[in-house]
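No value in this document is a laboratory result; all are computed from the given coordinates. What you see is a predicted model; the values in this text were computed from it and never measured. Here Cβ is always computed from backbone atoms with ideal geometry, including for glycine, and neighbour counts include all displayed protein chains.
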Amino acid sequence: MGSLTETQTSLIIGSLLGDGAMRCKANALLEINHSFNQRTYVDWKYHILADLVGSPPKPRRGNGRRIAYRFTTLSSPQLTPYYRAFYRDGRKVVPYVSLTPLSLAVWFMDDGCKSYNALYLNTQQFALPDQRSLIQLLRRHFGIESTLNRDKTYHRIRIAVSSVPRFRRIVDPHLREEFTYKFPS
């Protein structure tokens, strides 16, 4: 296996900010796991990462009635630096990363949602300092203004209504058709 492409790198970073998970023994692997209803999205990710994967995505029964559609990459030294950057003591953290429009789009497709005219990135899994770092990244990389929003007992990132058009312009070239519903009309 050669080095990762820019597209693969962006997809990995966006996935790790979103729903992606990693495990590591000697080398790390990446798990992509979404609802069975999102199988075309999983297949798209699979095709981008295919040279890192041993077998194609498969359905898998989860807890209860949920059926997931997932794949894992092979353990690879190319992925290990991402594990070391994104995981501390077994917990996902936010390292300094360079966000691209594709990584932002993947992050949004994984964990974005709308409420009225605002957008949210469901970052509840991250500690507050990490969420503040993500707000800084959005501002610095793209000029997107955002704040923390309390969602019951946790916080998540709320994209300012004034930044929604800018956010959309940035991610639109990479947004898969099935995720356009996540934007206000």
- Note on the structure: Computed about the Cα centre, the charge dipole of the chain from +1 Lys/Arg and -1 Asp/Glu charges at the Cβ has a magnitude in debye, to the nearest 20, of 560 debye
- Query: What number, in percent, do you get for the relative contact order of the stretch 6-89 if the mean sequence gap of Cα pairs under 8 Å and at least 6 apart is divided by its residue count?
  - Reply: 33 percent
- Task: Using per-residue counts of other Cβ atoms within 10 Å, averaged over each peptide, order 76-83, 102-109, 6-13, 56-63 from highest down.
- Result: 102-109, 6-13, 76-83, 56-63
- Message: Just to be sure I understand, if you calculate semi-axes √(5λ) of the Cα gyration tensor in Å for this structure, which of (1) 36, 17, 14; (2) 42, 22, 19; (3) 26, 19, 17 do you get?
- Response: (3)
- Message: At R0 = 25 Å, how high is the FRET efficiency between Y116 and R66 if r is their beta carbon distance? Nearest 0.05 is fine.
- Response: 0.30
